[in-house]
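Inspection log for the structure reproduced underneath, given as structure tokens.
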Amino acid sequence: MAWLVLKQAFHDETRIDDEMVQEYGGVLRQEFAKECIVACARQITDFRLRAFHENIKDIDIPSLIIWGGNDTIVELPEAYRFQSVLKNSQLEVIPDCGHTPQEEKPLLTARKLAAFLGVEARELPPVVEAEVEAEPAGATQEEGTISRSVNQFKQASSEYIRKLRMSRLVDRWTLGTAIIFCFIKILQVLKKIGFKAEENGWRKATGIFLRREHSKFILASFRLNYLREKREVSLAEAKTLLVTRLADFLRQNPACHWTLDWSRRAMLQRRKIFFTDIIEAEFDNDGVLVKLVPHLDQSRESFYGLNEEILQHAVEQTVRVYNENRLVEDHKRAWVIDKKLKRWTRKYKLSFAGKQELRLLLDRILNATIIQFEVLDDSSKSFLRSRLSTPNLGRKKHPGSGLMNIVCRFTPDYQEADLWFQHHHVPVDGMPMQEMLEKLKAEWGEVGPILYPALGSKDAKPEIFYLGDRIFRARMYVDFDKVINVRRKVNEKYYAEMGGPASIASIIIWGMAHSKFFADKKYLFPVDTASIVDFEADRNISLLTIRPQRFFDERNPMEGFLKFQREFNHRLLATRMGKSESHEMLELYSIAHPLFYYIAKYFMPKALGEILGSVGVTIIKNAEMFVSPLTEIQLNGFMAIGNLKMQTEDGKTLGAVSICGSRAHIKEYIKAVDFLTANCDKLLGIKL
């Protein structure tokens with residue numbers, strides 16, 4: 001155990017000797033040592049980072065921060081973040097060092113401490129490590145490399161805390177971008193004189209630009225062991241067991257207790273719900289709703305004034321009204337259905353109290369979680385393809401305003417369940433929902449890992465289907481091994497020059513920008529803001545936007561990429577800290593009336609795309625399947641990627657790439673992804 005901990009903490013494993021392992025092992029063998037470690041871990045998981053940053057702002061005494069340049073436990077960008085919050089501090093980065101500089105580079109660390117304290121370190125032996133502040137004449141190549149790395153780290157540090165300049169949002173000025181920019185400056189003035197936003201900027205933006213069916217995203221969890229133990233069950237029993245367990249799980253997860261509020265026609269909002277209702281829905285092949293079977297929350301008794309006949313009438317009326325209005329536009333349909341059902345309750349012959357209960361019943365039906373059941377056919381030659389095929393929920397829509405529309409696929413023996421969760425983006429975002437699915441799988445267990453089809457097989461062919469509104473959704477399987485290896489090589493050699501690690505997302509964006517269609521496009525990358533909030537309910541998304549073409553260097557492609565990656569890392573860190581221009585813009589936009597958004601969207605769509613990006617790329621690294629949403633801003637489509645190392649039937653790995661956009665856009669995405677995965681090493685001049 002001691003060896004594994006040290007191996008994780010050290011950059012250079014050769015510095016771990018037997019004596020050190022024995023010493024740490026002796027500590028771990030002490031009574032209650034493991035319990036202390038567990039207690040410490042629990043404190044860390046409950047750690048409130050935002051409150052911590054607020055508290056340390058009050059510290060103004062001189063402070064020294066020492067950080068390992070190759071720390072994989074708490075990576076280097078966090079050091080710059082720490083320094084930016086802690087006043088009167090200086091940062092010293094120890095190159096080629098992991099999480100414990102005092103252990104791995106003790107002499108160099110001691111000299112840094114001595115210099116900071118103004119103490120002469122006479123007793124320390126002279127070492128090459130200590131000569132890293134300047135590159136003297138005649139320095140060896142190794143010493144010079146260390147010196148350059150330190151200087152690059154210092155340069156990166158100053159860049160990470162640069163002052164906000166909203167003009168960085170615009171790369172290409174037009175009349176439209178100038179108008180929007182002037183409006184942003186007006187909002188800044190309003191903010192300074194005391195105007196405050198009603199709600200978070202991202203939540204407001206989703207309520208305006210993510211109201212249609214194609215703006216919903218889907219996450220899947222395969223081979224769930226919902227039965228706990230293997231036994232024969234019928235389809236009816238399987239449905240009941242799964243719904244019961246799922247209701248219990250959702251009840252315990254506050255992130256699922258949201259629905260949509262249509263009271264403001266110009267903007268959707270989210271509101272809390274207090275019941276965990278699940279409604280089983282059955283549609284025909286044309287998308288006509290056949291029936292609804294309510295599984296109402298039984299944790300609290302309700303509907304004393306309604307008998308079984310009235311309950312059935314309410315369900316039948318919901319089915320009828322939905323079918324009459326199922327072709328109404330997405331951003332109006334739920335509101336229209338709700339209004340017509342309320343009108344029906346006023347005509348229903350009941351007492352005043354009975355009508356109130358009937359309205360509550362209909363409200364719970366419309367805001368419930370919808371679940372649809374399917375049974376896989378193992379006689380099919382393409383069983384795996386049908387199992388992994390994306391449900392076309394554009395035809396089988398949620399009849400109301402609820403957060404989730406779920407498709408459950410049973411295996412023919414009903415021993416396994418695959419759950420596809422479609423989420424409305426206004427109340428929730430991808431990362432919290434993926435974490436919820438991981439928790440679900442941990443609680444229920446899995447029958448076994450899902451195996452994806454081998455690349456080149458019939459089952460691995462791309463899929464594409466029509467969602468409506470001239471929008472298509474496609475899915476392809478891709479071998480990302482070369483991209484992963486390129487990332488590893490780049491990080492090993494150029495970590496300092498990039499001001500942090502290269503990410504899979506940045507390499508994909510860089511590679512796509514070398515395709516003709518995407519060359520001049522501006523990219524949007526969503527960033528989770530969990531680290532700057534104290535409470536899970538406050539967790540949202542902020543945005544990183546960047547145009548890779550600005551950094552192209554035909555004579556030296558690697559130099560261009562390093563500049564791009566440095567800028568990407570700066571924007572990523574600043575956005576996570578809530579200090580980037582794009583984050584500030586979202587917060588400013590939350591002050592504005594929704595009318596401004598619609599004016600910009602309809603009269604200046606290209607200008608809005610220049611500021612917010614016209615191409616979207618998002619990654620959830622642990623997702624077994626991540627089906628892409630599409631906003632009304634990204635005019636050139638959106639791409640979502642899940643786990644890049646999913647196991648295949650032939651023992652290899654791949655990742656699923658989901659694309660949402662027009663048919664022409666999807667073709668361009670497929671070509672761009674194929675190009676970048678085949679040529680990412682050549683684009684950077686790296687030999688694998």
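The values are calculated or read from the model by the stated rules, or taken from the named source; none is laboratory data. None of these values were measured; they are calculated from a predicted model. Cβ: placed from backbone, ideal geometry, glycine included. Neighbour counts: every protein chain shown. When the accessible area is computed, the model is the full protein with side chains, heavy atoms only, and any ligands, DNA or RNA have been set aside. Shrake-Rupley method; radii C 1.70, N 1.55, O 1.52, S 1.80 Å.
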Practice task
Test GLY616 against the criterion of being open to solvent by less than 10 Å² (accessible area, probe 1.4 Å) and either part of a loop (DSSP other than H, G, I, E, B) or farther than 27 Å from GLU438 by Cβ (or both), and give yes or no.
Solution key: no
Practice task
Could you please let me know if PHE552 is out of contact with any Asp or Glu (no Cβ under 8 Å at 6 or more places or on another chain) and buried (at least 23 other Cβ atoms within 10 Å of the Cβ)?
Solution key: no
Fill in the blank from the handout: Only unsatisfied item for LEU635, checking (1) free of Cβ contacts under 8 Å to residues at least 40 places away in the same chain; (2) open to solvent by less than 40 Å² (accessible area, probe 1.4 Å), is (2)
Problem - Condition met for GLU567 (more than 21 Å from VAL673 (Cα to Cα), modelled with pLDDT of 90 or more and touching a strand residue (DSSP E or B) at 6+ places or on another chain (Cβ under 9 Å)) - result: yes
Exercise for the section: Keeping to region 588-613, report how many residues are part of a helix (DSSP H, G or I) and crowded, with 20+ Cβ neighbours inside 10 Å. Expected result: 10
Handout entry: region 184-210, subset polar (S, T, N, Q) and not in a loop (DSSP other than H, G, I, E, B), residue surrounded by the fewest Cβ atoms within 10 Å (Cβ to Cβ)
Key = GLN188
Exercise for the section: Evaluate the following for ILE278: is it open to solvent by 20 Å² or more (accessible area, probe 1.4 Å) and in contact with a Ser or Thr (Cβ under 6 Å, 6 or more places away or on another chain)? Expected result: no
Handout entry: region 74-104, residues that are within 11 Å of HIS11 (Cβ to Cβ) and assigned to a loop (DSSP other than H, G, I, E, B)
Key = PRO95, ASP96, CYS97, GLY98, HIS99, THR100
Exercise for the section: Identify the residue in region 262-273 that is modelled with pLDDT of 90 or more and under 14 Å from ASP363 (Cα atoms) and, among all such residues, is least open to solvent (accessible area, probe 1.4 Å). Expected result: ILE273
Practice task
Inspect all residues belonging to region 247-255 and state whether any of them is crowded, with 18+ Cβ neighbours inside 10 Å and not aliphatic (A, V, I, L, M).
Solution key: no
Fill in the blank from the handout: Of the residues in region 374-394, those that are surrounded by fewer than 18 Cβ atoms within 10 Å (Cβ to Cβ) and either polar (S, T, N, Q) or assigned to a helix (DSSP H, G or I) (or both) come to SER379, SER380, SER382, PHE383, ARG385, SER386, SER389, ASN392
Problem - Selected residue [over 24 Å from the mean Cα position of the chain (by Cα), outside any loop (DSSP other than H, G, I, E, B) and either on the phi > 0 side of the Ramachandran plot or among the basic types (Lys, Arg) (or both)] from ARG550, ARG555, ARG566 - result: ARG550
Problem - When residues of region 479-500 are limited to those that are assigned to a loop (DSSP other than H, G, I, E, B) and on the phi < 0 side of the Ramachandran plot, the one surrounded by the fewest Cβ atoms within 10 Å (Cβ to Cβ) - result: ASP479
Practice task
Give the number of residues within region 341-352 that are touching a helix residue (DSSP H, G or I) at 6+ places or on another chain (Cβ under 7 Å) and open to solvent by less than 80 Å² (accessible area, probe 1.4 Å).
Solution key: 5
Practice task
Of the numbered conditions (1) free of Cβ contacts under 8 Å to residues at least 40 places away in the same chain; (2) closer than 24 Å to ARG320 by Cβ, LEU361 fails exactly one; give the number of that condition.
Solution key: (1)
Practice task
Could you check region 8-71 for helices (runs of 4 or more DSSP H) lying wholly inside it with 3 or more residues that are touching a helix residue (DSSP H, G or I) at 6+ places or on another chain (Cβ under 7 Å) and modelled with pLDDT of 75 or more?
Solution key: 18-28
Problem - Hits in region 294-321 (condition: without any contact (Cβ under 8 Å) to a residue 24 or more places away in the chain, open to solvent by 100 Å² or more (accessible area, probe 1.4 Å) and not in a helix (DSSP H, G or I)) - result: GLN298, GLU301
Practice task
All but one of (1) over 18 Å from GLY402 (Cβ atoms); (2) assigned to a helix (DSSP H, G or I) hold for ASP338, so report the exception by its number.
Solution key: (1)
Practice task
Among what's in region 437-447 and is in contact (Cβ under 8 Å) with a residue 12 or more places away in the chain and open to solvent by 10 Å² or more (accessible area, probe 1.4 Å), pick the residue that is farthest from ASP528 (Cα to Cα).
Solution key: VAL447
